[in-house]
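Q: Would you mind keeping the following structure in view while I ask a few things?
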Amino acid sequence: MSADNEIVLGVDIGGTFTDFALLKRATGELYIGKQLTTPDDPGRAFLEGVDELCARAGVSHAQLSRISHATTLVTNAIIERKGCATGLLMTAGFRDVLVMGRESRYDHYDFRFERPEPIVPRSLTREVVERMAWNGAVLQALDEDSVRQAVRELAAQGVASIAVCLLHAYRNPAHEQAIRTLMAREFPQIDCTISSEVAPELREYERASTTVLNAYVRPDVKNYLSHLDAALAAKNFGKHVHVMLSNGGISSTAIAQEIPIQLIESGPAAGALAAARYAELLGIEHALAFDMGGTTAKLCCIENGRPFHANIFETARAQRFRRGSGLPVLIPVIELIEIGAGGGSIAHIDALGLLKVGPQSAGAAPGPACYGRGGTAPTVTDADLVLGYIDPARFLGGDMTLDRKAAEGAIERAVGVPLAKTTVDAAWGIFAVVNEAMVAAGKRYAAERALDIRKFTLITFGGAAPIHAWRVAKILGIGRIVYPLGAGATSAVGLCIAEPVINLSRSYVGPLDALDWSRVATLFAEMETRATAMLQDAGAQPRDITIDRSVDIRYKGQGYEIEVPVSGIDLSSSDDADLLKQVTARFEEAYARQFGRALNISATEAITWRVRAAGAKPPFNLSPQVAAAKQPLAQTGRRRVYFGPEHGHVDCPVLNRYQLKPGEQGVGPALLEERETTVVVGPAARWAIDAWRNLLVDL
């Protein structure tokens with residue numbers, strides 16, 4: 001089957017809801033689904049939703065060309081500390097790398113500042129006798145008896161997985177590979193992760209943290225994906241599930257099972273990728289993706305159809321806006337700012353008597369008070385319901401009825417009474433506070449990147465974002481909002497249109513004017529060969545594979561570097577002076593673009609060399625006749641909606657989003673309902689439906 005005729009399905013498991021999208025490429029028909037996540041067994045919601053959506057689209061499991069999957073399994077395991085018992089092997093003398101972390105404090109003036117506890121405590125860290133020099137030379141041979149003794153001790157303490165992170169293994173992995181071979185032979189019951197496979201880069205703490213996190217989640221991810229493949233095989237889906245990586249590309253389950261830490265931001269990455277494709281489709285040069293689901297909100301800048309990316313990421317932050325307060329992860333990621341502000345975020349009064357929202361979430365179980373599943377704490381969804389933005393009778397297309405009285409009671413008890421506010425005013429306070437949290441995140445993100453956020457278009461998706469986007473955009477000064485049809489499950493759409501992508505890196509440190517360029521050429525060749533094989537394993541055709549090269553460079557004496565593209569430079573040239581001139585010119589250009597000017601200092605250092613290999617980008621053709629609703633929603637009606645003290649309660653028209661045709665337009669306030677979400681168009685805003693049935697709102 002050609003790519004144009006494929007039937008692809010995407011499944012994104014979130015903290016509260018699991019989203020589904022099925023795309024028939026030949027006709028452009030798009031089918032959307034959403035249901036509550038099953039935290040006790042995430043695979044159950046996955047399989048039930050796939051069955052339901054296939055039945056609605058009239059296709060069998062065997063007809064599916066591909067199922068792509070994003071999951072919060074890795075993130076949740078790390079944040080909730082629910083991974084397996086993990087041990088760590090370090091070079092003798094370096095047992096405390098994880099405990100010490102970085103030398104600097106993320107807050108120099110807070111004597112009570114918090115740091116996340118290491119995933120592996122010191123009691124489960126052991127030293128092995130060996131030593132590599134900075135250049136990969138063996139200073140002390142590996143003592144295998146010390147390895148055996150260390151592993152026996154950890155096994156006696158119940159360890160199921162071991163991370164191995166030896167000094168300078170990024171330059172010479174021989175000792176780590178020998179330990180893995182020994183463990184496979186003598187301790188096959190214990191899983192083994194080596195740093196030279198997961199993060200072969202400079203900086204011991206970051207490399208150790210990434211390796212440990214990978215070891216911590218790998219047994220559970222292996223078990224989950226293998227069971228998922230088996231369950232789908234029983235339904236006649238004769239292929240392996242593909243998974244979304246944090247870099248915005250899909251990959252095979254084999255790669256995901258070996259390095260599952262790459263899945264840590266898979267769901268948010270899928271949403272950002274979808275927003276990038278919509279920006280490309282609509283010719284939007286500067287876009288800000290805004291994804292708000294049941295547990296978190298995410299923002300991502302997109303320029304010229306490509307989301308911003310980074311090569312290091314932090315998880316489990318002790319302070320949500322504080323860089324350095326989390327556990328570092330050395331993996332390529334789509335750069336996101338993420339805050340604990342979703343539909344399930346809980347509102348409460350703090351010790352100072354101030355209204356706060358999140359980061360604690362009611363999740364899917366028990367969920368918001370209005371779900372009637374045992375939750376008693378007021379959430380953002382409860383506030384949205386009380387304000388009139390959500391129809392309690394048509395939540396999830398009528399599959400789930402919400403309890404407005406329960407929402408009112410929860411808000412009154414926890415917020416209204418302590419603040420001496422009416423229930424509606426308390427609900428508006430929750431709505432306003434969570435919006436301001438997202439605005440603050442957006443402003444901070446733009447300031448760090450030196451961006452004028454007013455020039456951006458907001459592309460909005462997720463179950464809760466379409467309700468809040470009009471207010472967030474208004475405060476930020478953004479003039480236009482785009483809501484894709486099926487905005488409640490756009491992340492799942494991103495899974496349907498993702499290409500396979502592999503990022504590999506190797507640190508080779510040295511002054512630019514003294515590098516062995518033949519070694520650089522060899523590094524790139526090795527990484528490209530491996531990346532190409534991995535892409536083919538994920539289904540890419542060799543003729544479609546494109547490769548980009550880059551290198552991290554800094555001025556000598558600087559603590560951090562910037563990524564510089566070096567594709568197109570012929571490293572086989574024997575003229576070292578010319579190679580130095582070309583790479584230096586690209587570095588100074590990139591440095592000036594990021595910081596305003598280059599320093600014109602001759603002493604520069606290369607740190608890490610990188611390869612990004614990608615397969616063909618799937619076609620993204622949407623038919624105006626999108627089949628999205630499980631059942632027809634009610635005809636146009638009206639509802640009393642509160643738009644804040646400025647406007648008060650308004651008798652607001654309610655429109656069936658699925659019945660709106662390209663070219664139709666109107667003026668807010670208005671509510672446009674889909675099965676998975678409701679778009680709130682604020683007062684005086686103008687809305688229109690474009691040729692692809694996206695909703696465009698101008699403030």
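Q: Take the alpha-carbon positions of the stretch 325-382, form their convex hull, and give its projected area averaged over all directions (one quarter of the hull surface) in nm². The partial results should precede the final answer.
A: Values: hull surface 23.1 nm².
With the hull built on Cα positions only, its mean projection is 5.8 nm².
Q: Which of V551, L523, L512 sits closest to the plus end of the dipole of the stretch 501-614, meaning its Cα is farthest towards the positive end, when Lys and Arg get +1 and Asp and Glu get -1 on the C-beta?
A: In the stretch 501-614, that residue is V551.
Q: Using the Kirkwood radius over C-alpha pairs as Rh, can you work out the diffusion coefficient of the stretch 501-614 via Stokes-Einstein at 4 °C, viscosity 1.567 mPa s, in µm² per second? Spell out each step's value before the answer.
A: Working: Rh = 14.8 Å.
It diffuses with D of about 88 µm²/s by this estimate.
Q: Within the stretch 492-522, what residues put their amide N at less than 17 Å from the label point 7 Å along the Cα-to-Cβ vector of A137?
A: 509-510, 516
Q: Taking Cα atoms of the stretch 191-242, Rg/Rh with Kirkwood Rh, to two decimals?
A: On the way: Rg = 15.2 Å, Rh = 12.8 Å.
Value, to two decimals: 1.19.
Q: Oh, and also: Going by a ≥ b ≥ c, the root eigenvalues of the Cα gyration tensor, does the stretch 30-134 fall in the rounded group (a/c under 1.5), the prolate group (a/b larger than b/c) or the oblate group?
A: Values: a/c = 3.36, a/b = 2.28, b/c = 1.48.
Prolate.
Q: How tilted is helix 576-595 with respect to the longest principal axis of the chain? Cα atoms for both, answer in degrees (0 to 90, nearest 10).
A: Once rounded, the angle reads 30 degrees.
Q: Please find the FRET efficiency linking D570 to F308, where r is the Cβ-Cβ separation and R0 is fixed at 30 Å, and quote it to the nearest 0.05. Walk me through the numbers before you get to the answer.
A: Values: r = 29 Å, r/R0 = 0.97.
After rounding to 0.05, the efficiency reads 0.55.
Q: Round to a whole angstrom and tell me the spacing of the C-alpha centers of the stretch 225-291 and the stretch 523-562.
A: Computed from Cα coordinates, the inter-centre distance equals 19 Å.
Q: Assuming a viscosity of 0.890 mPa s and a temperature of 25 °C, what translational diffusion coefficient in µm² per second does Stokes-Einstein assign to the stretch 356-515, Rh being the Kirkwood radius over Cα pairs? Walk me through the intermediate numbers first.
A: Details: Rh = 18.4 Å.
For these conditions, the coefficient is 133 µm²/s.
Q: Here is a follow-up. State the percent of C-alpha pairs, over all pairs in the stretch 79-221, separated by a distance greater than 28 angstrom. Before the final figure, lay out each step's value.
A: Working: 1609 of 10153 pairs.
Value for the stretch 79-221 (Cα pairs over 28 Å): 16 percent.
Q: Could you compute the FRET efficiency for D578 and A254, with r as their C-beta to C-beta distance and R0 at 51 Å, rounded to 0.05?
A: On the way: r = 41 Å, r/R0 = 0.81.
It comes to 0.80.
Q: Follow-up question, since we're still on this one. With a cut-off of 8 Å between alpha carbons and a minimum separation of six or more residues, what is the relative contact order of the chain in percent? Walk me through the numbers on the way to the answer.
A: Details: 1580 pairs, mean separation 93.1, N = 699.
After rounding, I find 13 percent.
Q: What angle, in degrees between 0 and 90 and rounded to the nearest 10, separates the Cα long axis of helix 423-449 from the longest principal axis of the Cα atoms of the chain?
A: Helix 423-449 and the main axis of the chain meet at about 40 degrees.
Q: Quote the FRET efficiency, to the nearest 0.05, computed for K82 versus T401 with a Förster distance R0 of 35 Å and r equal to the Cβ-Cβ distance.
A: On the way: r = 32 Å, r/R0 = 0.92.
My answer for the efficiency is 0.65.
Q: Can you work out ³J(HN,Hα) from phi for every residue in the stretch 377-394, in order, using Karplus 6.51 cos²θ - 1.76 cosθ + 1.60 and θ = phi - 60°, giving whole Hz and x for Gly and Pro?
A: Karplus values, whole Hz, x for Gly and Pro: 7, x, 10, 4, 4, 4, 5, 4, 5, 5, 6, x, 6, 10, 8, x, 8, 10.
Q: May I pose another question? For the pair R413/V667, report the inter-label distance in nm, with labels modelled 7 Å from Cα in the Cβ direction.
A: 4.4
Q: Continuing with this model, one more query. Could you work out the percent of alpha carbon pairs in the chain separated by over 31 Å, rounded to a whole number?
A: Working: 135556 of 243951 pairs.
Tail of the P(r) past 31 Å holds 56 percent of the pairs.
Q: Taking the Kirkwood radius as the inverse of the mean 1/r across Cα pairs, report the Rg/Rh of the stretch 436-508. Please report the intermediate quantities before stating the final value.
A: Values: Rg = 15.7 Å, Rh = 14.4 Å.
On the Cα set of the stretch 436-508, Rg over Rh gives 1.09.
Q: Report, in whole Å, the centroid distance computed from the Cα atoms of the stretch 130-182 and the stretch 324-367.
A: Centre-to-centre distance over Cα atoms comes out at 37 Å.
Q: In addition: So who's got an amide H within less than 5 Å of the one on G367, skipping anything under 5 residues away but keeping other chains? H placed 1.01 Å off N, in plane.
A: Amide H neighbours of G367, under 5 Å, 5+ apart: none.
Q: Then there is this: What ranking do 22-33, 515-526, 600-611 get when scored by the average of other Cβ atoms within 10 Å per residue, highest first?
A: On the way: 22-33: 21.6, 515-526: 15.8, 600-611: 17.8.
With the highest mean Cβ count within 10 Å placed first, the list reads 22-33, 600-611, 515-526.
Q: Mind scanning K298/K474; K356/K421; K24/K617; K235/K617 and naming the pairs with a C-alpha gap bigger than 20 Å? Present the calculation step by step, with values, prior to reporting the outcome.
A: Working: K298/K474 18 Å; K356/K421 15 Å; K24/K617 16 Å; K235/K617 28 Å.
Those over the limit are K235/K617.
Q: Pulled fully out, how much extra length does the chain show between H647 and H227, if you take 0.36 nm times their separation in residues and subtract their Cα-Cα distance?
A: Numbers: separation 420, 0.36 × 420 = 151.20 nm, distance 5.30 nm.
Full extension from H647 to H227 adds 145.9 nm.
Q: In addition: Could you list K556, K239, K34 in order of exposure, starting from the residue whose Cβ has the fewest other Cβ atoms within 10 Å? Provide the component values of the computation, followed by the final result.
A: Working: K556 11, K239 15, K34 25.
By the 10 Å Cβ count, ascending: K556, K239, K34.
Q: Compute log10 of I(q)/I(0) for the stretch 214-270 with the Debye formula, placing one identical point scatterer on every Cα and leaving out solvent, at q = 0.16, 0.21 Å⁻¹, to two decimals.
A: Taking Cα atoms of the stretch 214-270 as identical point scatterers yields -0.47, -0.77.
Q: Measure nothing fancy, just the Cα-based angle from helix 144-156's long axis to the longest principal axis of the chain, in degrees from 0 to 90, nearest 10.
A: Tilt relative to the chain: about 30 degrees.
Q: Additional query: Once you put a point 7 Å from the Cα of S518 and another 7 Å from the Cα of Q177, both along the Cβ direction, what distance in nm separates them?
A: 2.1
Q: Based on the Kirkwood radius over alpha-carbon pairs, what value in µm²/s does the Stokes-Einstein equation return for the translational diffusion coefficient of the stretch 278-427 at 4 °C and 1.567 mPa s?
A: 75
Q: Find how much the distance from A440 to K617 grows on full extension, using 0.36 nm per residue of separation minus their present alpha carbon separation; answer in nm with one decimal. Mind showing how you got there, number by number?
A: Details: separation 177, 0.36 × 177 = 63.72 nm, distance 3.43 nm.
Between A440 and K617, full extension yields 60.3 nm more.
Laboratory data are not the source of any read-out in this text; all were calculated from the coordinates shown. All figures in this text were calculated on a predicted structure; none of them were measured in a lab. FYI the Cβ positions are ideal-geometry reconstructions off the backbone, even for glycines, and counts take in every protein chain you see.
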